[in-house]
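Following: one structure in structure tokens, then a few remarks.
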Amino acid sequence: MTVRAHLSPAAVLLSRPAPAGQAPPFPGEAPDTPGPLVLRWLREAADAGVGALQAATLATVDGDGNPDARVLVLRDVSPDGASWTFATDRGSPKGRQLAANPGAALTLHWPEQARQLRVRGKVTAGSREEAAAEFRTRSPAARVAARTGHQSEALTSDDAYREAEAAARATVSETPDAVPAGHTVYTLHAGEVEFWQGSPDRFHQRLHYRRTDDGWNRRRLWP
């Protein structure tokens, strides 16, 4: 009997070999700041047709010190790679958690290229003007979604959801530029940025930047 025969059904599925992504070459000459390399990786991922290019996992900590994570849309990155922007409702769990503890981490994963971007730092909330400007770049469907119900609160029925959606759709139709009161733009100010390049032979590459008072400290890390 093989070891695999002792695995649970879930473990058997999880142990299946993943399709090898196309691993582009790791940068030989790394820039002094992470920004140019972030932009290069974004451009290469977009050119390669990577799906869900903007999908980023935001990790926060709740009031009991327990970690929490969810996938959201990354809206922007500053040219130097120091500021990473996303938006949500400040009354949502992540908004409340960031208000209590602004420390957070972001991870982008592009399996098609066997790449990850990892960012850690402190998060600040933007102004109402920034929130309005960001909200007005959204599609009508995204505006309706942002107005439908109260994020992460208990849902009593599908009918309740459809009624809230219909009300939100009417509001967006009548006042398309009106911004929900809780809509907030957040910026993660990166203290660390890491580039992870996977390889089929498991010779993974990691390049780590740490922000200091004098700029960025760059180093390679063991896989």
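The values are calculated or read from the model by the stated rules, or taken from the named source; none is laboratory data. These numbers come from a predicted model, not from an experiment. Note: ideal-geometry Cβ built from the backbone for every residue, glycine included; neighbour counts use all protein chains shown.
Of all residues in region 196-212, which are surrounded by 14 or more Cβ atoms within 10 Å (Cβ to Cβ) and over 18 Å from residue 40 (Cβ atoms)? Selection gives 199, 204, 210, 211.
Taking the condition of a type in the set (Phe, Trp, Tyr) and within 18 Å of the chain's Cα centre (by Cα), does residue 222 pass? Even if it seems obvious, please write down each step before you answer.
On the way: of a type in the set (Phe, Trp, Tyr): yes; within 18 Å of the chain's Cα centre (by Cα): no.
Considered against the rule, which asks whether it is of a type in the set (Phe, Trp, Tyr) and within 18 Å of the chain's Cα centre (by Cα), residue 222 comes out as no.
In summary, residue 191 fulfils each of the numbered conditions (1) of a type in the set (Gly, Ala, Ser); (2) under 22 Å from residue 84 (Cβ atoms); (3) not assigned by TED's automatic domain parsing to the domain that holds residue 60 with the single exception of condition (3).
Looking at 75, 138 in this structure, which one is among the charged types (D, E, K, R), surrounded by 15 or more Cβ atoms within 10 Å (Cβ to Cβ) and free of Cβ contacts under 8 Å to residues at least 12 places away in the same chain?
On the way: 75 fails: free of Cβ contacts under 8 Å to residues at least 12 places away in the same chain.
Going through 75, 138 in turn, the sole match is 138.
Can you find a residue in region 209-216 that is under 27 Å from residue 97 (Cβ atoms) and among the basic types (Lys, Arg)?
Going through region 209-216, the residues under 27 Å from residue 97 (Cβ atoms) turn out to be 209-211.
When the remaining residues are screened for being among the basic types (Lys, Arg), the result is 210-211.
Checked region 209-216: at least one residue is under 27 Å from residue 97 (Cβ atoms) and among the basic types (Lys, Arg).
Inspection of region 105-114 finds no residue satisfying the criterion of being farther than 23 Å from residue 208 by Cα and more than 11 Å from the chain's Cα centre (by Cα).
Restricting attention to region 143-151, does a residue exist that is within 20 Å of residue 73 (Cβ to Cβ), basic (Lys, Arg) and loosely packed, with under 14 Cβ neighbours inside 10 Å? No: region 143-151 contains no residue that is within 20 Å of residue 73 (Cβ to Cβ), basic (Lys, Arg) and loosely packed, with under 14 Cβ neighbours inside 10 Å.
Where strands (runs of 3 or more DSSP E) sit wholly within region 1-108, those with at least 2 residues that are touching a Gly at 6+ places or on another chain (Cβ under 9 Å) and either on the phi > 0 side of the Ramachandran plot or at pLDDT 95 or above (or both) occupy 55-61, 83-89.
Residues in region 166-179 that are in contact (Cβ under 8 Å) with a residue 40 or more places away in the chain and surrounded by fewer than 16 Cβ atoms within 10 Å (Cβ to Cβ): 177 alone.
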